[in-house]
1. Say each of residue A:132 and residue A:58 gets a label point 7 Å from the Cα, pointing the same way as Cα to Cβ; how far apart are those two points in nm?
2. What FRET efficiency comes out for the pair residue B:371/residue B:187, r = Cβ-Cβ distance, R0 = 30 Å, nearest 0.05?
3. Where does each of B:118-125, A:32-39, A:62-69 land if you order them by average Cβ count within 10 Å, highest first?
4. Based on DSSP H runs of at least 4 residues, each adding -39500 (n - 2.57), what is the mean residue ellipticity at 222 nm of the protein assembly as shown after dividing by all its residues, to the nearest 500 deg cm²/dmol?
5. Going by how many other Cβ atoms sit within 10 Å of their own, how do B:232, A:301, B:336, B:327 line up, fewest first?
6. Can you pull the mean other chain C-beta count within 10 Å for peptide A:256-268?
7. Could you sort the peptides B:409-417, B:54-62 by per-residue average Cβ neighbour count (10 Å cutoff), highest mean leading?
8. Can you sort B:180, B:338 from fewest to most other Cβ atoms within 10 Å of each residue's own Cβ?
């Protein structure tokens, strides 16, 4: 989803760069530029078309059939698969679970990330080590995270024992077996894994805020809270908005951790669009239906991305360009 | 070894395989010529580790020695990856010559690809040695696959824990099983472990109640029509409800895997944390690596699913299945079919059985069964008037997944005896 931005960037930069050129040279330089663009863009473009656009098109087409994946496409169904998927309560719940994870990641993960990033941006003892520790879970593969937490969260397992030892035994739950809790367990594991990424991103954003601004504010008598509230957070805005974007898109695509820990169960209580897709497409050999679900999932993510780009990120990309060019 | 069941954590490998499936064509191609020219057969099987892996390697080498013009290229593939690799391979131009085949409705789903060889002409002379079970690998009377081992589902229990709870002999009726559950609970032992996370172990329960409640004719008709039709199927759900009301399973069973890790249902029994589980006869082989207790197999006993009072089903009918192989149309014939015949020969079968993966497809190798409990399983299976294939394999794949899901939902309290039937029949009608 970064691609559209960089494309705009290239276009606008080129416009600026070309402008000062003298008239006679313009045509040949324009030609050369076109040649350059063709030469440089075509490999990436071919890959993009071959491995992104074409499969999406094929999936949309396959989704029109009752296809088992064996033999030629057969059993034209029109939009039947799409209608069935959208009206299937299991899919609706899966979508709802994705949305819930997205909302929780904004409401809970984001503030924690900002808080920890601000803390780790201070000069405190062992800062590098702390930063490393916070980021460590992100380095693990999702499969390892999932297997590890599945073991820790077994009934009577490590987590339960630790909670009992510190006097929180009353709060012990059937983390993976309780239909009303399992989705939140998934969210916690996802948070454990991905919060480090957000913190690193925010730390990088914090590095970009000139220290003079904070010093100036301090000289003007602003308290630490005021400095954070009025100077740091607004300037961190672009980073926060990008992080929100990544969190939400990531939430809509959640698969690995859930699939390995619960398989979307019990009774679909932790299902996501992606687990539903794999269950129906690959496990049930309903490749036509699975394709339709994949297309629906793509459209949801794509529509969100477009809207977010248009209304939230636009300002940031503009600003970035102004700095880059000027 | 129906380790199609070994899902759970290993599913991650399958997940990775989703991406790789398209790229992973079979390594060595085959020539379609026959006779004296040299042929190579690529062989996808699921024995990625353990004794069976060695058995297959030896079999391939021995066959090559006897038939120097045939080279078998063994390619063990992680079990869950078959789910994604087989459709991709059969859709492509270079499928493996031999691949893992569980028969039933899943096999039938693969036939329209036109890439699975009809082996009938090569097998008709000898398939009777295998017995009637070979029918589970037939589609419309044609032999598209050949089994190499067989499985029966029943109770694996710990003799030491039964003794501790004062249970003298395994139960033969549901009433006795209920009484034993009570005794085990009184002795603070978890009576029964179940791996509900994987769904199919739940299905064993409902399916066995259906087998005990339904006359064989009704079961056969249901399989043929892909439709659960009859009040006995509702009765099965009601039986299951009453049984589950006795709360016989371990705490948090909805999140328990079946075969992966010491916390799985097999691991709980292996480590003495639960007294029994309803599982396939591959269970001793699964339990052994999950515990440091070297004596675990000697502690294991077996008993069949108890009789249900008033049930119209035959109390000696069993639930089971097996593992096998199919040849693809690009494979050199009769070499491919002949190799599968070789695998079913008593010599190779004896080695398969010694690897503790199940009952031999060829009864001639039965004497090689090591565990006394396995001999008991064999006797029971041999005497069964009818072996009902696991419903999820017998049905077309999408219906199989639907029934497993519906029964798992039922275990999670999200369903009724009726909903299992309606979900299944609905999946069948949506084909």
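Just so you know, all these numbers are worked out from the coordinates, no wet-lab data involved. Computed from a predicted model, the values in this text were never measured in an experiment. For neighbour counting, all protein chains shown are included, and Cβ atoms are generated from backbone atoms with ideal geometry for every residue, glycine included.
1. Here the answer is 4.5 nm between the modelled labels.
2. After rounding to 0.05, the efficiency reads 0.70.
3. The densest-packed peptide leads the list: A:62-69, B:118-125, A:32-39.
4. Helix contribution divided over all residues of the protein assembly as shown: -16500 deg cm²/dmol.
5. In increasing order of surrounding Cβ atoms, one gets A:301, B:232, B:336, B:327.
6. The mean count of partner-chain Cβ atoms within 10 Å per residue comes to 6.
7. Listed from highest to lowest mean packing, they are B:409-417, B:54-62.
8. On the way: B:180 24, B:338 14.
Neighbour counts put them in this order, fewest first: B:338, B:180.
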